[in-house]
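Reading through the structure tokens given below for one structure.
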């Protein structure tokens with residue numbers, strides 16, 4: 001379903017979080033989390049600039065829109081969790 005380059009880039013970046021969090025804790029290197037969050041944010045912005053998450057006014061909601069909403073939510077969870085590991089609170093909205 002996700003076929004745009006930025007979608008696959010973001011999905012791949014999100015999938016790195018569990019391994020990266022373990023490594024950061026294991027080696028006591030919290031900067032890895034900070035750098036990763038920065039990379040996720042960059043991937044997210046590239047994706048959001050290139051892919052329509054909700055349909056244009058008057059157009060029906062299609063499966064791709066639902067999938068992109070899921071990807072949007074997943075990015076939010078990863079960013080919140082990463083910031084939480086660093087002791088930083090994440091805003092609900094930006």
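Nothing in this text is a laboratory measurement; each read-out follows from the coordinates by a stated rule. This structure is a prediction, so every number in the text was calculated from the model and none was measured. Reconstructed Cβ throughout: ideal geometry from the backbone, glycine too, with neighbour counts over all protein chains shown.
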Query raised in the report: Considering the zone a paramagnetic label at residue 9 would reach in this model (a point 7 Å from Cα along the Cα-to-Cβ line), which residues of the range 22-52 have amide N under 12 Å from it?
Result: 39-51
Query raised in the report: Does anyone have the angle between helix 31-50 and the longest principal axis of the chain? Alpha-carbon axes, 0 to 90°, nearest 10?
Result: 10 degrees
Requested in this report: Determine the relative contact order of the chain: mean sequence separation of Cα pairs under 8 Å and six or more apart, normalised by residue count, in whole percent.
Outcome: 33 percent
Query raised in the report: Hey, what angle do you get for helix 5-15 against the long axis of the chain, alpha-carbon based, 0 to 90 degrees rounded to 10?
Result: 40 degrees
Query raised in the report: Separation between the residue 45 and residue 70 pseudo-spin-labels, each 7 Å from Cα along Cα→Cβ, expressed in nm?
Result: 2.8 nm
Query raised in the report: Tilt of helix 63-85 relative to the longest C-alpha principal axis of the chain, in degrees (0 to 90, nearest 10)?
Result: 20 degrees
**Report entry** Rg over Rh [alpha-carbon atoms, Kirkwood Rh] for the chain
**Finding:** 1.03
Requested in this report: Can you tell me how much longer the chain between residue 19 and residue 89 gets when fully stretched, taken as 0.36 nm per residue apart minus their C-alpha distance, in nm with one decimal?
Outcome: 23.0 nm
Report summary line: Note to self: C-alpha centroids of the range 38-79 and the range 1-35 sit apart, in Å, by 17 Å
